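*Asks:* Can you read through this structure? Questions will come right after.
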Amino acid sequence: MCGIVGYLGGGNATGILLEGLQRLEYRGYDSAGLATSHRGSLQVAKRVGRVKKLAGAVSGQTSRAKLGICHTRWATHGGVTEENAHPHLSCDGKIALVHNGVIENYLPIKKFLQSAGFTFSSQTDTEILSNLIAYHYRKEPEGGETSRLFESVRKSLRQVEGTYGIAVICADCPSEIIGARNGSPLILGVGRNEILLASDVAGLVSRTAKVVYLKDGEIVHVREGDFSISTLDAEAIRPVIDEVDWDVSESALGHYTHYMLKEIFDQPEALENAMRGRFARDGSTAKFGGLNVTPQELRQIDRIMFCGCGTAWHACLSLEFLIEKYARIPVEVEYASEFRYRNAPLDKNTLFMVVSQSGETIDTLAALRESKRKGYTSLAITNVVGSTIARESDGGIYQHAGPEIGVASTKAFTSQLLLGAMLALYLGRLRDMSFNDGVEFVEGLKTAPEKAGAILRHCNQIKDIALKYARKNDFLFLGRLSMFPIALEGALKLKEISYIHAEGYPAAEMKHGPIALVSADCPTLCFATEKDTLSKVISNMQEVKARNGEVIAVRSDSCRLPEGLADDEIVIPDAHGAIMPLLAAIPMQLLSYYIAVERGCDVDKPRNLAKSVTVE
Ligand code: M6R
C-alpha cells in the first residue's frame, strides 16, 4: 500500500529515488511522484500511472539534487489524479511530503488550517499534513536548538490521528529529511555517505544492507551523513542497525515475462528453503529455531487460533486441516480484520498464530497486537525478515521463500502450507503421532520440491486448458476437506488477476445454492485427490455434467475418473496427504496466470490491488 523512498547523499538523488521506487511499485501503482531539492527550491513531478511514466517525464532534466523524496500511490482518499498524487506540497510551496497511511482526523485540521488562510488543491488527507507542518514551520523560531523543520514535523504529528509512514523535505533545508512512522512501515538505510528512507527493504537494498527498522511513534531526523531517532515526546532512541540478507538478483525477473510466472516456477526452490535445516536428526519430526516456545509449553496448549487475510487466510484454513488431522489439536481460523474488533473469547491455553507473507498487513498486525495485549503467546509465520509482524511476535517461523513481487501470492502460499504441515508434524510428534508415522511424514514432505517441479513441467498442458476456458466469465471451484481451502484459493487467484467471477465451495455445498450457477457458460473445477472421498467427488462432477456444465478435474495419479466424465483433466503426482494441498494449488496458479495473460490483463499489477495492505 503506497511506497515511499527518501534520499540524502552524494549520489544523483533522482536516479536513486526512481530506482528504489520501481522496486516498491508492487505496493501501489495508481500514480507516482517525486520531489527533489536543489539550491533552495523544490522540483516536483507527478504522473498518473506507473513509475515508468514518471521516469519518462523527468528523463530529459539534468538534476544535480542530492536530496529528495518519492512515492507510488494506492489511492485511499481522492481519485487517481495528478493533484492527488504525492508528494503533496504545502500551499506556500515550502514543504513537500510523501505519506503511506490514513490521517483520520484530517477534516477538523483542514478546517482549522483553512481558517488560518491555508488553501488546498487535492482531495487527499495527506495534504493537510504538509500544510500543518508549514503552519508550525512559520511559527517556529529561527536558530532554535533543534531544526525548525524537525520541530514542526514533530508538533504536527502530535496533532494527527491515524496511520502514517512519511518523509518530509523543505525548500529551505537542503540537507534534511524527516521520516516518521505510526502504523505504516518505514525503514532507514545507512549507506556510505548516504542515508535512505523506504517503506520496505526492497526500496533501498540496492544501496545498502544496513537498516534501522523504525518503530511506531518514532521520528528520524536525517542530516548529511548523520541521523538521530527520537519519540514524538522528544525522548532519544538508540538506533539498532541490522544487516539484511537480501540478494537483489532474487527480485530480478530473469527470462520470465511476469513476476507471477517466475514465482510460480520458484516454488521447488522455495519449498526446499522452507525445509532446510528443519528436520530432527532422528528423521521423525521437524524443528524450528525461532518458535520461542518450549515443547513442554506446546504440550499444554489445547487450541490454536490462526489469523490472516486473503491468501494467507486460505493458508490458515489449510493449516486447520493439517493440524487437526495430524496433531489432533482443535484449531480455529479467523479473518484478522474480524478478529481485531470481535473480542473473541480465547481459552487460557490457546496458542495464537498469524500468517502473513509481507509481515506488514495492517489487520493481521492489529490481530497480533490484540492477542499480545491479552497475554497470549503470539507467533507468526511470515516471509519478510525484519517485517513489523516478525519483530512484534513472540516467535515464529520464517518462510525463506525469497521476495514475492507479483501481487498474486503464489510461492508464499505453498511455502506456508508446507510449513503448516511441518508444524502439524512437530505438534503431532509432541502428542500422539508414532515414530514410524513421523518418519513417513518427513519422507513425504521431502518429496514436495520434486513433485512441484513435475507439475511445473506440464505447464503447457495447463496452458492449453487455460486457453480453452479463457473467455468464460464465471467459474466454480469445488473441493472437499483439505481441498476446500485450495478451491477458495483457486477462485481468488482467478478473480484477482483475470477479473473473472469465481467462487470456491466445499464440493457438497454445491447442492445448497451454487448449483444454480452451473451452465454451459460456467465451468466447474473439481479436486479429486483423496481416495476416501473420490466417489462423492465423482457424484458432484456428474451433477454438474447433468446440467450441461463443463468439468475440469484436478486429480491425483491414482484417483481415476470414469471415462469421459471430466472435459479436461490435470493430473498431479500421488503424494503424502500433508503435501497434497500445496501440490494441488500449483495448477490453479498456472491456470489463472495463463487465463489472465490470454485476456490481456496486467498480471503482476492487477487493477485496484496492492501487494501489502497497510491501511484499513
Ligand atoms: O502479506 P500478507 O500475506 O499478509 O497479505 C495478505 C493478503 O493481502 C494477500 O494474500 C492477498 O490476498 C493477495 N493478493 C493474494 O494473492
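Just so you know, all these numbers are worked out from the coordinates, no wet-lab data involved. Since this is a predicted model, take the numbers as computed values, not measurements. When we count neighbours, we look across all protein chains shown, and the Cβ atoms used for this are built from the backbone with ideal geometry, even at glycine.
*Asks:* Under 4.7 Å Cβ to Cβ, no partner at all: give me those cysteines from the chain, in residue order.
*Replies:* Singleton cysteines: CYS2, CYS70, CYS91, CYS307, CYS309, CYS316, CYS459, CYS522, CYS526, CYS559, CYS601.
*Asks:* Based on Cβ point charges of +1 for Lys and Arg and -1 for Asp and Glu, what charge dipole magnitude is obtained for region 496-611 about its Cα centre, in debye rounded to the nearest 20? Present the calculation step by step, with values, prior to reporting the outcome.
*Replies:* Numbers: 11 positive and 17 negative charges, 46 e Å.
Rounded to the nearest 20 debye, it is 220 debye.
*Asks:* Choose one of LEU365, LEU298, LEU317: the residue whose Cα lies farthest towards the positive end of the charge dipole of the chain (beta-carbon charges +1 Lys, Arg; -1 Asp, Glu; about the Cα centre).
*Replies:* Value computed over the given set: LEU365.
*Asks:* Just how far, in whole angstrom, is region 131-171 from region 397-431 if you go by their alpha carbon centroids?
*Replies:* Comparing the Cα centres of region 397-431 and region 131-171, I get a distance of 43 Å.
*Asks:* Using +1 at the C-beta of Lys and Arg and -1 at the C-beta of Asp and Glu, which of ILE405, LEU17, ALA35 has the Cα lying farthest in the positive direction of the dipole of the chain?
*Replies:* Toward the positive end, the furthest listed residue is ALA35.
*Asks:* If you line up the long axis of helix 459-469 against the longest principal axis of the chain, both from Cα atoms, how many degrees apart are they, to the nearest 10?
*Replies:* On a 0 to 90 degree scale, this one is about 90.
*Asks:* Quick check on region 253-446: of the DSSP beta bridges with both residues there, what percent are antiparallel, nearest 5%? All intermediate terms of the calculation are to be shown ahead of the outcome.
*Replies:* Numbers: 1 of 20 bridges.
Around 5 percent antiparallel, to the nearest 5.
*Asks:* Let me know the shape class of region 253-446, please: from the alpha-carbon gyration tensor, a ≥ b ≥ c as square roots of the eigenvalues, rounded when a/c is under 1.5, otherwise prolate if a/b is greater than b/c, or oblate.
*Replies:* Working: a/c = 1.88, a/b = 1.09, b/c = 1.73.
Since a/c reaches 1.5 but b/c is at least a/b, the shape of region 253-446 is classed as oblate.
*Asks:* Between beta-carbons, use under 12 Å as the cut-off and find the net charge around PRO295, counting Lys and Arg +1, Asp and Glu -1. All intermediate terms of the calculation are to be shown ahead of the outcome.
*Replies:* Numbers: positive: LYS287, ARG299, ARG429, ARG431; negative: GLU297.
Here the charged neighbours net out to +3.
*Asks:* Which Cα, out of PHE112, ALA508, GLY549, lies furthest along the positive dipole direction of the chain (beta carbon charges, K/R +1, D/E -1)?
*Replies:* The one lying farthest along the dipole's positive direction is PHE112.
*Asks:* Calculate the dipole size of the chain relative to its Cα centre from +1 charges on Lys and Arg beta carbons and -1 charges on Asp and Glu beta carbons; express the result in debye to the nearest 20. Don't skip to the answer; put the middle values down first.
*Replies:* Values: 68 positive and 74 negative charges, 146 e Å.
About 700 debye.
*Asks:* Also, I was wondering about something else. Within the set of other residues whose C-beta is less than 12 Å from the C-beta of ARG560, count the net charge using Lys and Arg as +1 and Asp and Glu as -1. List each step's numbers first, then the result.
*Replies:* Values: positive: LYS531, ARG555; negative: ASP557, GLU563, GLU569, ASP574.
In short, -2.
*Asks:* Which cross-chain or sequence-distant (5 or more) residues have an amide H under 5 Å from the amide H of HIS38, H modelled 1.01 Å from N in plane?
*Replies:* It is GLN43, by chain and number.
*Asks:* By the gyration tensor of its Cα atoms, with a ≥ b ≥ c the square roots of the eigenvalues, what is the shape of region 459-585: rounded for a/c under 1.5, prolate for a/b over b/c, or oblate? Mind showing how you got there, number by number?
*Replies:* Working: a/c = 1.34, a/b = 1.18, b/c = 1.14.
It comes out rounded by the Cα gyration axes.
*Asks:* Below 13 angstrom from the Cβ of GLU370, what's the summed charge of the other residues (Lys, Arg +1; Asp, Glu -1)? All intermediate terms of the calculation are to be shown ahead of the outcome.
*Replies:* On the way: positive: ARG340, ARG342, ARG369, LYS372, ARG373, LYS374; negative: GLU334, GLU338, ASP363, GLU392.
So the surrounding residues net to +2.
*Asks:* Determine the shape class of region 85-195: with a ≥ b ≥ c the square roots of the Cα gyration tensor eigenvalues, call it rounded for a/c under 1.5, and otherwise prolate if a/b is greater than b/c, oblate otherwise.
*Replies:* Values: a/c = 1.72, a/b = 1.22, b/c = 1.41.
Oblate, because a/c is 1.5 or more while a/b does not exceed b/c.
*Asks:* Using the Cα centre of region 3-246 as the reference point, and only Cβ charges (+1 on K/R, -1 on D/E), how large is the resulting charge dipole? Debye, rounded to the nearest 20.
*Replies:* The dipole magnitude comes to about 600 debye.
*Asks:* Then there is this: For the chain, build the convex hull from the C-alpha positions and give me its volume per residue in Å³.
*Replies:* On the way: hull volume 95.6 nm³, N = 616.
For the chain, the hull spanned by Cα atoms encloses 155 Å³ per residue.
*Asks:* What do the square roots of 5 times the Cα gyration tensor eigenvalues come to for region 3-246, in whole Å, largest first, as semi-axes of the equivalent ellipsoid? Present the calculation step by step, with values, prior to reporting the outcome.
*Replies:* On the way: eigenvalues 109, 92, 59 Å².
Listed largest to smallest, the semi-axes of region 3-246 are 23, 21, 17 Å.
*Asks:* Which of the peptides 105-115, 421-431 is most tightly packed, and how do the rest follow, judged by the mean count of other Cβ atoms within 10 Å per residue? Numbers along the way, then the final one.
*Replies:* Details: 105-115: 14.8, 421-431: 23.0.
Ranked by mean Cβ neighbours within 10 Å, highest first: 421-431, 105-115.
*Asks:* Got the relative contact order for the chain handy, in percent, Cα pairs under 8 Å and 6 or more residues apart?
*Replies:* Values: 1412 pairs, mean separation 73.6, N = 616.
Reported as a whole number, the value is 12 percent.
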